[in-house]
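A short worksheet on the structure shown next.
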Amino acid sequence: MPRFTPYPRGFVLSPDPIDTQRLPPHYRASWIVDAWHFAHDPIREPALAVDEATGWFVLVHGTCFAVGDEDVADVAPWLLAKCLRSESEFLDALDVLAGRHVVVTGDPTGATVYQDAAGARSLYYSPAARLVASHAHLVQDIAPHPPTPPELGPTTVTATWDLTPWDGILALLPNHRLDLDSWRTQRFFPRRSNAYAQWPVEQRLDLLEALWHRELDALTAAFDDIAVSVTGGSDSRVVLALSRPHLPALKGFTYTARRDDEGNAWTRSLSRDERLVRQLLDIVPMRHEFFVHGDKSAPVGAELTELLRRNSLGNHGRWLIPHYNRSLPGDDVIHLRGNAFEIARGYYGPTRDNDTVDEVRRVFTEKAAQRLADGSRAELTDRQRDHVDSLLERLGYQEELWGYHRLDLFYWEYRCGRWLAEMLNENDVSFDTVMPVNVRAILEILLSFDLEDRAAGVAFAELINRTFPVLNFVGKNDDRNLYEQVRDAHDSGTRSDGSAWLEAGMRVVGEDGTVLEDGVAADQADLQLPLRHFVPGRAAARRIGRPAGPGTLTFRFHSPYVSPLAREKFIYRLRVNGQVLAEVDGAAWAEMSYVTVHNLGAEDTVDVNVAALATMTRPSWSTATRAYLDHLRFTAREADGPVRVATSNPYTQYPVLTDEAGVALRDPGLVSTGPTQTGAGSP
């Protein structure tokens, strides 16, 4: 049933007696080995194992299953046995734990706190108050702290590493443990090179599937109802494919927009999800329900709003909570999500050349610095800079990381360990949530693939192909299914009448025109700026081929992304002989545009490019640059003047070009071209 009590599924831990008057009234409190005061929401009892000879103990609280090759009925005594043998065995055991949980090890004199692999169970601590708790507000309820100094900048979960709105209340991050003697954190992963990188691909995927199926077996045995989020994206598709044997036992849900609400990019994305999911439901044996944004039959209400405000530092989808409560009202419900797959997707653009502390600092600055009125980011404040430098050292980014890319770890710890954890706290009012990929061994396997393969999603496509191949047929974030995508890429009837064509592959150029890469493939598009080149001055270009001779070129151009908030991040340009004759902001227009280039000479070359105007680090920005060119046609005719360019896009600009003396060569939309001319607008 819905948990209309504060901090559901939460806990508090301290070496000192906790003032029970400040605890949620329904929490139960007890002592562990007469040394550690532990209080928790009684919806889930902790598992405790104690070695009477040494006083050593292991406490596990939350959803936790061991999914390695050992048969484990009770996780706490199993972990205790590992711990008593060696730290190495204990840490290896943590690598095969699934779920969302906290693990505490220690004896009457000291203890250490660990999270699940992705930090899905948020953990906050205050060295001054000697408190650890599941929720930042819960620490503040028990031991009030002053606000975090404003000169440290934003303290939202999307803009900081370990800060909270309260000075002295900090977040524990994935891959780190908290020592309750010193109240300091220490990195414990990675602790060796990725062993899976040397395994054959088939063997890696075999192990991943085995770990996943053991986890789903445990979840279906432990819970009456299992819900799964279903979207039109890739992560959701992998969850469905790997969970195929269990699909009849799952209940899927998808949130969507009202039929009359497609007014912005978010609601259009929801509507596309609904269309794709309806295709999936034709082949997936699953109970399913759509939750409609704007459905007033399930209001949030003031009581629930206040409860959610205290439960989470974030605000992801609070309108969904009443829908969850109405659709899945039982106490024994678990919710599956696919988000943590993002850890292995290279979201912050890792390359072989940017595995540096400076690059981590740069990306953090892009995310955390204050946004100015013009949309740019301010420099970090002195306090922020000092804090970041201290964190980079304290979190071990300066140390040997055994071949793991710093930007991968940064995304894992900075993004998933904060934003994702708080999103799950928001859902706790309805049900507990686990991510089946949230097993460190699974994440290690996915991170063992080459950077290029990870950027292309090779492992994910292979997993679908091995387990439920027909799911690869339905488009991922694309209304077209696989056949339609292939058809549209090769059907000369729509691509071209044969008189003009796109030359194979893109060419990526630098600010001075130097070719950085050639023959680059776009992802499901004709033109796209790769994330690794999303820095000012770089552009991806696609040349349009045609027969020799003068004439007129026409084609249709479509860039589906539009957002007023995303202006001045990238730009599309039409060039003749390297001169920019027309350009348009990449986020300005999402409709089809019809382009004419008239009076082309026999030797003139034409290309379309997309150029970066700002440095962007999220893969979604590269996706936003996708563009499509079709209906290419070249009509031979003698030129009757200078080149003329016209488009139906109302946001198109026509730069005025000048000769070497500074004299304008054309009116807007016109230019005299020739192989010897130069223009100032080339990327």
Gain in length, Asp107 to Asp181, computed as 0.36 nm per residue apart minus the alpha-carbon separation, to one decimal in nm? 25.5 nm
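What dipole magnitude, in Debye to the nearest 20, does the range 119-268 give about its Cα centre under +1 on Lys/Arg Cβ and -1 on Asp/Glu Cβ?
Using only the charged Cβ atoms, the result is roughly 320 debye.
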Counting sequence-distant residues (5 or more places) and residues on other chains, those with an amide H built under 5 Å from that of Ser648 are Tyr594
Just the Kirkwood number for the range 491-671, please: inverse of mean 1/r across all distinct Cα pairs, in Å, one decimal. 16.6
Quick one: Karplus J couplings for the range 297-307, per residue in order, coefficients 6.51, -1.76, 1.60, θ = phi - 60°, nearest Hz, x for Gly and Pro? 6, 10, x, 6, x, 5, 4, 5, 4, 5, 4
Provide the convex hull volume over Cα atoms per residue for the range 147-189, in Å³. 76
Under Karplus coefficients 6.51, -1.76 and 1.60, residue-wise ³J(HN,Hα) of the range 317-333 in Hz, glycine/proline x: x, 5, 5, 7, 4, x, 5, 4, 5, 6, 7, 10, x, x, 6, 9, 10
Would you grab the residues whose amide H sits under 5 Å from the one on Leu131? Only those 5+ places off in sequence or on another chain, please, with H modelled 1.01 Å from N. Ser126
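List the GluC sites (Glu not before Pro) in the range 551-597 that DSSP assigns to loop (not H, G, I, E or B) and whose Cβ has at most 16 other Cβ atoms within 10 Å. Which are they?
Glu568, Glu591
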How far is it, in nm, from the label point at Glu400 to the one at Ile283 when both lie 7 Å from their Cα along the line to the Cβ? 4.7
Once you list every other residue whose beta carbon is under 11 Å from the beta carbon of Ala582, what net charge do they have if Lys and Arg are +1 and Asp and Glu are -1? +2
Going by Cα centres, the range 1-75 and the range 582-613 are how many Å apart? 62
Report relative contact order for the range 260-399 in percent, whole number only (criteria: Cα-Cα under 8 Å, sequence separation at least 6). 12
In degrees rounded to 10, the 0-90 angle between helix 458-467 Cα long axis and the longest Cα principal axis of the chain is 70
Which cross-chain or sequence-distant (5 or more) residues have an amide H under 5 Å from the amide H of Gly537, H modelled 1.01 Å from N in plane? Ala612
The answer for the net charge of residues other than Asp453 whose Cβ lies under 12 angstrom from its Cβ, with Lys and Arg +1 and Asp and Glu -1, is 0
Percent relative contact order of the chain, based on C-alpha pairs within less than 8 angstrom and at least six residues apart? 12
Measuring from label point to label point, each 7 Å out along Cα→Cβ, what is the Tyr594 to Val300 span in nm? 4.6
Only four residue types carry charge here, +1 at the Cβ of Lys and Arg and -1 at the Cβ of Asp and Glu. Report the dipole size of the chain about the Cα centre in Debye, rounded to the nearest 20. 1340
Evaluated at q = 0.14, 0.15 Å⁻¹: base-10 log I(q)/I(0), Debye formula over Cα of the range 118-159: -0.37, -0.43
On the Cα set of the chain, report Rg and Dmax in Å, please. 27.9, 98
What do you get for the angle between helix 201-222 and the principal long axis of the chain? Use alpha-carbon atoms, 0 to 90 degrees, nearest ten. 50
Distance cut-off 19 Å, percentage of C-alpha pairs in the range 39-149 lying past it: 48
Within the chain, excluding any chymotrypsin sites (Phe, Trp or Tyr not before Pro) found in a DSSP loop (not H, G, I, E or B) and having at most 16 other Cβ atoms within 10 Å, the longest uninterrupted segment runs 189-401
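Helix-only estimate, please: 222 nm mean residue ellipticity of the chain, summing -39500 (n - 2.57) across DSSP H runs of length 4 or more and dividing by its residues, to the nearest 500.
-7000 deg cm²/dmol
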Full extension from Arg371 to Asp479: what is 0.36 nm times the residue separation minus their Cα-Cα distance, to one decimal in nm? 35.5 nm
For the range 510-557 and the range 190-267, write down the distance between their C-alpha centroids in whole Å. 36
Which of the trypsin sites (Lys or Arg not before Pro) across the range 217-300 are loop residues per DSSP, with 12 or fewer other Cβ within 10 Å? Arg259, Lys296
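Report the full-extension gain for the segment Asp640 to Ala249: residue separation times 0.36 nm, less the Cα-Cα distance, to one decimal in nm.
Here the segment from Asp640 to Ala249 would lengthen by 133.7 nm.
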How much space per residue, in cubic angstrom, does the convex hull of the C-alpha atoms of the range 130-204 take up? 149
Along the Cα-to-Cβ line of Glu568, 7 Å from the Cα, sits a label point; which residues in the range 518-559 have backbone N less than 18 Å from it? 535-538
Using a Cα-Cα cut-off of under 29 Å, which lysines could be cross-linked to Lys367, ignoring same-chain neighbours fewer than 8 residues away? Lys476, Lys569
Here the range 470-479 yields Karplus 3J(HN,Hα) values (6.51, -1.76, 1.60; θ = phi - 60°; whole Hz; Gly and Pro given as x) of 5, 5, 6, 6, 6, x, 9, 6, 8, 4
Relative contact order of the range 491-671: what whole-number percent is it, with Cα pairs under 8 angstrom and at least 6 residues apart? 29
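Quick one: of the DSSP bridges fully inside the chain, what percent are antiparallel, nearest 5?
On the way: 94 of 113 bridges.
Once the DSSP bridges in the chain are tallied, antiparallel ones form about 85 percent.
The numbers here are math on the coordinates, done by the rules we state, and not lab data. What you see is a predicted model; the values in this text were computed from it and never measured. FYI the Cβ positions are ideal-geometry reconstructions off the backbone, even for glycines, and counts take in every protein chain you see.
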